[in-house]
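Everything below concerns the one structure shown next.
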Amino acid sequence: MLVKVFTLLLSFSYVISDGQVRQMVTSYNPGCQTQKCPECSPGVVYVQAKGDNDILHYVVSALGGPPTALVIKTNRPKERYQLNINCKMMASKNDTERKAAITLPSGLKEIYSYGVVFSRLFQYNDTADKADITAYNINSTKWRVYDFTEFEWQDITTWSSNNLIVMKVKTSGEVMDAAFYNESLVLQFHMFDHSDRSKELPHLLYDADSTQFDFTLQDIDTGNYSSARWGLETVLLGSDKKTAGMHIETKKSIDDEYTPGVFEMSNWLTRPGNEANGGYLQWKPVCYLKPGRARSVATKVDYTNLASTSDVNVDTFLQSSIMYSYFPDIMNVSRSATNFTFGLESDGGFTKTNFTSWTAQLGFGAPPEDKVSSLVVGVISAGLGLPVILIMFGGLFVIIKKKTSKEGYTDLDTDRSNIQ
Amino acid sequence: MTDSQSEKKPLLGAVNEGDDGEEEVLEGCGGTMACNPHRPLHRYLVLAIMCFLSFGSYFCYDNPAALQDTMIKALDISESTFMGFYSWYSWPNVILCFFGGFLIDRVFGVRMGAIIFSLFVTAGQVLFAAGALVNHVWLMNLGRFVFGIGGESLCVAQNTYAVKWFQGKELNMVFGLQLSFSRVGSTVNMNIMQPIYQWITGFGFKNDYTDLGVVLMIGAIMCVFSLFCALALSFFDKRADRILKRAAVTSDEQIRITDVKDFPLTFWLLSIICVGYYVAVFPFIGLGLVFFEMKWGFEPNLANNVNSLVYIISAVASPVFGFLIDRTGRNVFWVILGTVCTIGCHALLAFTFLNPYVAMSCMGLAYSILASALWPIASQIVRNSQLGTAYGIMQAIQNLGLAVIAIVAGAIVDSSGYLILEVFFLACLCVALIAAVMLYLVDASRGGKLNRSAKERRRLAALKEEEEEEKKLLD
């Protein structure tokens, strides 16, 4: 009987999680005659996710250097709902051409747009082994700064498929101390057309309005650093005025069912206070030190306080990225930057396993929240309910028995009925 | 002459005449209060010896934990080989302490049994140390196995001794005190083994493992001390038996191993409570360190402090609560209270972010209550002549539960996280609670013997003595 109750509760939870479904159309190097387009190297992927009343347009590319994902939410007119996007213009050296590379046709109105740009990689030698990047300044330890404009990327069409956009770096030249090899850095975006939970740790909940990306560092020559650690400089943009502030909120939860040992979730909101109409970057503060993800190889992910991009000299990288093609007036757009750092004290740093992989989610609307599963509720109610029922009925039974068996006065001094 | 002789013969038969009823006269230091088994002071002094009986065993049990990093480096072994030192102790004991208990009842008696198992403990620790001296891990595993045979059965002997000397008097406090000593032994071990090792390294032995072997031999000295306690206890127990004329086991009371199936339902319910409760405390402490670090963001040192709160508090609180339970009686209610409190503590840890100091302190208190109240109940259920077997069974079931659940708990955390683990522990505690409530109900329907208040027990004991006196007069 209990099994039936459990299965009923479980099936309930499946029904509730049904959300919007979108139709996805993927195209490579739009504006070019062939799919493999050397002029648009390393390649641009354009995905349309068509919903009932709106469309999410994803433009993902490492063109210009910094890997970028741009998301534009528009209405859904009857016809002509494709963006005017030309990758050859995006790759052009001419600024005016670049500015006009991504435009909206008439009839297509933007509701909101947002995106993420990865600008730089910092490598530092964590001599104090505290995994705290803010504890060091430029002089207190050795640093290497790699900015993505120096990287060469493999052709995006090589590894990508309909729901997966994969960007991999190429073996680096002398300009970067030959520290990177093919696939030393992999950034892949998963596209979703429905709601579900990811099959891979950290099992983040996704829906049709979000995309999850995995950022992986592996097989990098860290030279003579005893304990190398990384910082990934990330910029989040939103199509509000530049004065609009962004905010990272970290929520604690009692529930670590889906990510054992992790009790926090962080959301970086482009429109704090109006989440349902803004973009977000969501992650759990955990990354993995081996390709086979498990709790035993997990370590912490931290972030530094949000900074204005002008303060940290990141605006030039934004201008090199494809964001410039959609936001020509990029200096007046709401944006902020942070450094994601990987590792925890005494975990050996990057040098120990030479592998770090982190997953986060970029989406529109209110960020998904984990709920305590029905299994927990079921077990608790059964487990605690039974003794309570037992106590109530048992107590009644004992009282009734005592009342019915009492016959007159018993002299305690001579009462020997209990001696055995 | 015959007339006057027959006149002198009492009509009602001899009661206090002849060697039958003559009180043995204790002379010299044997007659002082401290050595007179009739007096409570003697009981308390024997209690002190009884507590140290398994001190050596508890001290040496956690030697690997105290010297973990040292052992792994000096012997060049992996983490799982290291954990093997604990597995070789616990897995054999799933079955062996049942036989140990039976042997105490049937073959050796508690005096001989305590000495024999103490010898096993000492021999086991010596083998363990010898294995380290010659750097052979197989010998160390053998040593832990032998040590385990002795250690757990020694606990059974200690429990049997406790009931023999303190039933009807301060039994709950005695069990509490024995628990206290086990914690003290473990804590002393954790604190002094490393400094001793550092001291030994100063002697300039060639190899690290030689140092380790020497340190472990020093640990064996504690076991020898416990062996002396066993010998002393045997002497005092035999003497008290003679002076107090405690009845020996008569031939029609011979124990057979098949008697076990006749143990009443209340005994098996007691075993279920024992298992259900202990598996929700000890495996939790084993995994608690990382839980406190991840959920509350504690530093490793702070997390360690919180984790060991249960042990520290129970070391102090067990005898106190034992004394309290002696005064009030009603053991089954105390067991239910302890279980409900622990359920509350786990619920706090699982569903709130309240500072874990609160929950762990309460858990320490609840554990003290339960440990002091639970074990004496067995002495009310089974005959004294079967007590060794009964405690052997309870310990065997407890060890099986702990060994299995430790593995299950690790698997649960790795796959489903700490919330599900806490829910699992809550389920175990609910099983214990259900068993405790059923114990109360079954017992109440059979006369409520197990849950009597202390006043009621004393009254009944006085009435029983009166009856026995009357019986003697009539014979």
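The values are calculated or read from the model by the stated rules, or taken from the named source; none is laboratory data. Values in this document were obtained by computation on a predicted structure and should not be read as measured data. Positions of Cβ are generated from backbone atoms using ideal geometry, with glycine treated the same way; all protein chains shown enter the neighbour counts. Side chains included, ligands, DNA and RNA excluded: accessible areas come from the protein's heavy atoms. Shrake-Rupley method; radii C 1.70, N 1.55, O 1.52, S 1.80 Å.
Quick notes on this structure:
- As a summary of the residue check, residue A:244 satisfies the conditions (1) open to solvent by 10 Å² or more (accessible area, probe 1.4 Å); (2) within 14 Å of the chain's Cα centre (by Cα) except for the one numbered (2).
Per-residue answers, yes or no, for (1) touching a Cys at 6+ places or on another chain (Cβ under 7 Å); (2) crowded, with 24+ Cβ neighbours inside 10 Å; (3) over 16 Å from residue B:117 (Cβ atoms); (4) at pLDDT 90 or above:
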residue: B:139; (1), (2), (3), (4): no, no, yes, yes
residue: B:145; (1), (2), (3), (4): no, no, no, yes
residue: B:149; (1), (2), (3), (4): no, no, no, no
residue: B:154; (1), (2), (3), (4): no, yes, no, yes
residue: B:158; (1), (2), (3), (4): no, yes, no, yes
residue: B:167; (1), (2), (3), (4): no, no, yes, no
residue: B:171; (1), (2), (3), (4): no, no, yes, no
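- Criterion: free of Cβ contacts under 8 Å to residues at least 24 places away in the same chain, over 30 Å from residue A:298 (Cβ atoms) and more than 7 Å from chain A (Cβ to nearest Cβ) - qualifying residue of B:468, B:456: B:468
- In this structure, residue A:27 does not qualify as within 25 Å of residue A:364 (Cβ to Cβ), of a type in the set (Gly, Ala, Ser) and either touching a residue at least 60 places away in the same chain (Cβ under 8 Å) or not in a strand (DSSP E or B) (or both).
- Summed over the range B:432-447, the residues that are open to solvent by 20 Å² or more (accessible area, probe 1.4 Å) and more than 8 Å from chain A (Cβ to nearest Cβ) give a count of 2.
- When A:226, A:195, A:239, A:253 are screened for being open to solvent by 20 Å² or more (accessible area, probe 1.4 Å) and within 14 Å of chain B (Cβ to nearest Cβ), only A:253 passes.
- The single condition among (1) surrounded by fewer than 23 Cβ atoms within 10 Å (Cβ to Cβ); (2) within 14 Å of chain A (Cβ to nearest Cβ) that residue B:423 does not satisfy is (1).
- Filtered residues of the range A:148-192 (kept if open to solvent by less than 10 Å² (accessible area, probe 1.4 Å), touching a residue at least 60 places away in the same chain (Cβ under 8 Å) and part of a helix (DSSP H, G or I)): A:148, A:156
- Filtered by the rule that a residue be of a type in the set (A, V, I, L, M, F, W, C) and either surrounded by fewer than 24 Cβ atoms within 10 Å (Cβ to Cβ) or part of a strand (DSSP E or B) (or both), the range A:41-62 gives A:44, A:45, A:47, A:49, A:55, A:56, A:59, A:60.
- Among the numbered conditions (1) touching a residue at least 12 places away in the same chain (Cβ under 8 Å); (2) open to solvent by 50 Å² or more (accessible area, probe 1.4 Å); (3) not in a loop (DSSP other than H, G, I, E, B), the only one that residue A:130 does not meet is (3).
- Residue that is assigned to a helix (DSSP H, G or I) and open to solvent by less than 30 Å² (accessible area, probe 1.4 Å), where the choices are B:187, B:122: B:122
- The range A:136-145, residues that are open to solvent by 70 Å² or more (accessible area, probe 1.4 Å) and not in a loop (DSSP other than H, G, I, E, B): A:145
- The range B:201-234, subset farther than 24 Å from residue B:147 by Cα and of a type in the set (A, V, I, L, M, F, W, C), residue surrounded by the most Cβ atoms within 10 Å (Cβ to Cβ): B:205
- Contacts under 9 angstrom Cβ, first residue in the range B:92-110 being basic (Lys, Arg), partner part of a helix (DSSP H, G or I) and open to solvent by less than 50 Å² (accessible area, probe 1.4 Å), 6 or more apart: B:106/B:388; B:106/B:389
- Conditions (1) under 28 Å from residue B:177 (Cβ atoms); (2) of a type outside the set (Val, Ile, Thr); (3) in contact (Cβ under 8 Å) with a residue 12 or more places away in the chain; number of the one not met by residue B:85: (1)
- Residue match in the range A:101-121 (condition: basic (Lys, Arg), without any contact (Cβ under 8 Å) to a residue 12 or more places away in the chain and open to solvent by 50 Å² or more (accessible area, probe 1.4 Å)): no
Each row is one residue, and each column tells you yes or no for (1) open to solvent by 20 Å² or more (accessible area, probe 1.4 Å); (2) closer than 30 Å to residue A:227 by Cβ.
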site: A:348; (1), (2): yes, yes
site: A:352; (1), (2): yes, yes
site: A:361; (1), (2): no, yes
site: A:367; (1), (2): no, no
site: A:372; (1), (2): yes, no
site: A:380; (1), (2): yes, no
site: A:383; (1), (2): no, no
site: A:396; (1), (2): yes, no
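- Any hit, the range B:364-378, residues being part of a helix (DSSP H, G or I), within 14 Å of chain A (Cβ to nearest Cβ) and not hydrophobic (A, V, I, L, M, F, W, C): no
- Residue within the range B:322-337 that is closer than 29 Å to residue B:66 by Cβ, more than 17 Å from the chain's Cα centre (by Cα) and among the hydroxyl-bearing types (Ser, Thr, Tyr) present: no
- For the range B:343-360, the criterion of being within 13 Å of chain A (Cβ to nearest Cβ), within 24 Å of residue B:459 (Cβ to Cβ), in a helix (DSSP H, G or I) and not hydroxyl-bearing (Ser, Thr, Tyr) is met by no residue.
- Of all residues in the range A:286-345 being within 26 Å of residue B:414 (Cβ to Cβ) and among the aromatic types (Phe, Trp, Tyr), the one that is nearest to the chain's Cα centre (by Cα): A:340
- Candidate set from the range A:256-296 (those that are open to solvent by 30 Å² or more (accessible area, probe 1.4 Å) and polar (S, T, N, Q)); member that is farthest from the other protein chains (Cβ to nearest Cβ): A:277
- When the residues of the range B:291-316 are filtered to those that are aliphatic (A, V, I, L, M) and touching a residue at least 60 places away in the same chain (Cβ under 8 Å), the one that is surrounded by the most Cβ atoms within 10 Å (Cβ to Cβ) is B:294.
- The lone criterion from (1) modelled with pLDDT of 85 or more; (2) more than 7 Å from chain A (Cβ to nearest Cβ) left unmet by residue B:417 is number (2).
- Candidate set: the range A:344-381, residues that are facing chain B (nearest Cβ under 9 Å) and in contact with a helix residue (DSSP H, G or I) (Cβ under 6 Å, 6 or more places away or on another chain); chosen: the one nearest to residue B:298 (Cα to Cα): A:376
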